[in-house]
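A short worksheet on the structure shown next.
The values are calculated or read from the model by the stated rules, or taken from the named source; none is laboratory data. Quantities reported herein were computed from a predicted structural model and do not represent experimental measurements. We place every Cβ from the backbone using ideal geometry, glycine too, and count neighbours over all the protein chains shown.
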Amino acid sequence: MASQTQSLYTPEERLRRDRSKWTLVQGILAPVQFIVFLISLYLVIRFLNTGEGEFAANVSVVIKTLFLYTIMITGSIWEKEVFGRYLFAPAFYWEDVFSMLVLLLHTLYLFALGFGFLEPRQLMMLALGAYLAYVINAAQFLWKLRQARLQESRESSQGVMA
């Protein structure tokens, strides 16, 4: 007996996903955010290793956080269009839960920076923690993208055989 796997998208959801302008927006924002992350990660690590470039590192984390907020807002709109709810659709429930942790850590960084709650090295360590959570969350979404592609491949090959 063949194993049944839960489909990520129903045919209707897939159609809404493919027709949504927000799918393209997410497809553009995700790699741009990743590039911003890599630049910022370099600047944060450089500051931690050398003590130089504190201002640049802080600016880069703020920019990365603004990209994160943007991708979260547009991603919520995408989720509403595709699944009928802004967050925690069953297909992306755990990704959304972990996204809340990512948002919390980045937002804590902004508050700590803005109100001077942490020393510069502590602030950069918080940024690294936020970045670790971001990398885990990005991997979750990449895994889901792979699952969706595999599902579509299986379905199209079954359609050819039928």
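What to note about this one:
- Residue match in the stretch 103-114 (condition: closer than 16 Å to Phe141 by Cα and in contact (Cβ under 8 Å) with a residue 24 or more places away in the chain): yes
- For the stretch 83-127, the candidate set comprises residues that are in a helix (DSSP H, G or I), of a type in the set (Phe, Trp, Tyr) and under 15 Å from the mean Cα position of the chain (by Cα); within that set, the residue that is nearest to Asn49 (Cα to Cα) is Phe98.
- Neighbours by Cβ (under 8 Å, 6+ apart or cross-chain): first from the stretch 137-162, closer than 17 Å to Val102 by Cβ and modelled with pLDDT of 75 or more; second assigned to a helix (DSSP H, G or I) and among the acidic types (Asp, Glu): Asn137/Glu95; Gln140/Glu95; Phe141/Glu95; Lys144/Glu95
- Every listed requirement among (1) under 19 Å from Arg146 (Cα atoms); (2) not in a helix (DSSP H, G or I) is met by Glu52 save one, (1).
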